[in-house]
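The values are calculated or read from the model by the stated rules, or taken from the named source; none is laboratory data. The shown structure was predicted, so the numbers you read here are calculated from the model rather than taken from an experiment. Cβ sites come from the backbone with ideal geometry, for glycine too, and all protein chains shown count toward neighbours. Side chains are part of the model used for accessible areas, which takes the heavy atoms of the whole protein and leaves out ligands, DNA and RNA. Shrake-Rupley method; radii C 1.70, N 1.55, O 1.52, S 1.80 Å.
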Amino acid sequence: MEIIQEYDFLVEIVKKTKKEISRELGLEVGSVCGKYFLKLDHLHYGYWTRDIEVDIANLHLAQDEYARFVISHIPEGVKTILDVGCGTGQIAKKLLDMGYHVDCVSPSPFLTKRAGELLGNESRIFECLYEDLQTDKRYDVVLFCESFEYIDVDQALSNTSKFLNSNGYLLICDVFRKDVEGKMVMGGGHKLTKFYDLIAKFPFTLIENVDITEQTAPNIDLFNDVLENVVEPVVNAGIRLFESRHPIALRLLKWKYRKKISKLHKKYLRGGRTGEEFKKYKSYQLFLFKKEVQQ
Ligand SMILES: C[S@@+](CC[C@H](N)C(=O)[O-])C[C@H]1O[C@@H](n2cnc3c(N)ncnc32)[C@H](O)[C@@H]1O
């Protein structure tokens, strides 16, 4: 019995690590391609205001707008910030330039290096998962800018109440899943109801909540457009080239990986990844909570 339990435990660790590795690689590829082709510095969604035309060429403007939106919700009097999942370090850099003291958490060696080059010695970057962070430092704000969805809610909240000064703030801007029938092909986001249930058990009071689903949904249409008009034709051309040279090998590969191919096709190329679907199943929210002083 014990052996079976240990085996299950090990399988869980291997599974989790695989998921984390592919997620980090995805972010790495996204950051390299985004920077090279579209001059993107951030890794988060764009915040599309009325005056920014929804066009992939304007994504960098919408991303800057997103950063401005989040930063504008940092309460007065704050001096120290912990940016959890700092990505390329762009938001931390803006905050440093505004006079805040900022430290970061970044589990990805690639992104840590990029953020480190930008932030220099002004900021300490803890290269680890937030779940594993060990420090005696305490902060006025713990910020999750599209990184909350990657972290177990319970662990994120208990660590945050530990790393915040009394009267400190928890600021989250991220995608959540609505409690509705059905499921979107696109994954991501904690269930809102589960989040509300869990946060009620921690010493946090809600100060502000802004729903920005409408302003972030256009990102999904843009992403879908890139999949349909760039990724799919390029992949198909590559397959045709391979087929012209190795027709039997291709048939064998297609048969061997038929389940994986069908899964990828269903996930990325069979539609269902639209702004409208996003609004139906997801909810993009900014939450600002204040830590209650323990008597
Ligand atoms: C979508 S990116 C957002 C990056 C950045 N905050 C921004 O707004 O551009 C998600 C970030 O979360 C980080 N991340 C993923 N899992 C994490 C974890 N368990 N603990 C801390 N950070 C994590 C990734 O390395 C990445 O930097």
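Just to be sure I understand the filter: pairs with C-beta atoms under 7 Å, separated by 6 or more residues or on different chains, first member in the stretch 264-285 and farther than 21 Å from residue 214 by Cβ and modelled with pLDDT under 90, second member open to solvent by 50 Å² or more (accessible area, probe 1.4 Å) and outside any loop (DSSP other than H, G, I, E, B). Which pairs pass?
That search, which allows pairs on different chains as well, returns 269/232.
If a residue has to be near the ligand (Cβ under 8 Å from one of its atoms) and of a type in the set (D, E, K, R) to count, how many in the stretch 139-148 make the cut?
Counting residues in the stretch 139-148 that are near the ligand (Cβ under 8 Å from one of its atoms) and of a type in the set (D, E, K, R) gives 1.
Criterion first (open to solvent by 20 Å² or more (accessible area, probe 1.4 Å) and either touching a residue at least 40 places away in the same chain (Cβ under 8 Å) or over 25 Å from residue 22 (Cα atoms) (or both)) does residue 113 satisfy it?
no
For residue 93, all conditions in the list (1) at pLDDT 95 or above; (2) open to solvent by 80 Å² or more (accessible area, probe 1.4 Å); (3) of a type in the set (D, E, K, R) hold save one; what is the number of the exception?
The number of the failed condition is (2).
Could you figure out which of (1) modelled with pLDDT of 90 or more; (2) outside any helix (DSSP H, G or I); (3) more than 16 Å from residue 129 (Cβ to Cβ) isn't true of residue 86?
Of everything listed in (1) modelled with pLDDT of 90 or more; (2) outside any helix (DSSP H, G or I); (3) more than 16 Å from residue 129 (Cβ to Cβ), residue 86 misses just condition (3).
Name the single residue, out of those in the stretch 121-138 being open to solvent by less than 100 Å² (accessible area, probe 1.4 Å) and in a loop (DSSP other than H, G, I, E, B), that is farthest from the ligand (Cβ to nearest atom).
Only one residue tops the list, namely 138.
Quick check on the stretch 64-78. Is at least one of its residues within 12 Å of the ligand (Cβ to nearest atom), polar (S, T, N, Q) and free of Cβ contacts under 8 Å to residues at least 24 places away in the same chain?
no
Residues in the stretch 223-237: is at least one open to solvent by less than 40 Å² (accessible area, probe 1.4 Å) and on the phi < 0 side of the Ramachandran plot?
Scanning the stretch 223-237 turns up at least one residue that is open to solvent by less than 40 Å² (accessible area, probe 1.4 Å) and on the phi < 0 side of the Ramachandran plot.
Inspect the stretch 222-240 for any residue being small (Gly, Ala, Ser) and within 30 Å of residue 72 (Cα to Cα) and give the result as yes or no.
No, every residue in the stretch 222-240 fails to be small (Gly, Ala, Ser) and within 30 Å of residue 72 (Cα to Cα).
Which one is nearest to the ligand (Cβ to nearest atom), of the residues in the stretch 24-45 that are under 19 Å from residue 284 (Cβ atoms) and hydrophobic (A, V, I, L, M, F, W, C)?
43
Condition (residue is under 17 Å from the mean Cα position of the chain (by Cα), more than 14 Å from the ligand (Cβ to nearest atom) and open to solvent by 10 Å² or more (accessible area, probe 1.4 Å)) applied to the stretch 154-177: is it met by at least one residue?
Yes, some residue in the stretch 154-177 is under 17 Å from the mean Cα position of the chain (by Cα), more than 14 Å from the ligand (Cβ to nearest atom) and open to solvent by 10 Å² or more (accessible area, probe 1.4 Å).
If you scan the stretch 66-90, which residues turn out to be surrounded by 18 or more Cβ atoms within 10 Å (Cβ to Cβ), under 27 Å from residue 26 (Cβ atoms) and of a type outside the set (S, T, N, Q)?
66, 67, 70, 81, 82, 83, 84, 85, 86, 87, 89
Return yes or no: is residue 149 outside any loop (DSSP other than H, G, I, E, B) and open to solvent by 30 Å² or more (accessible area, probe 1.4 Å)?
yes
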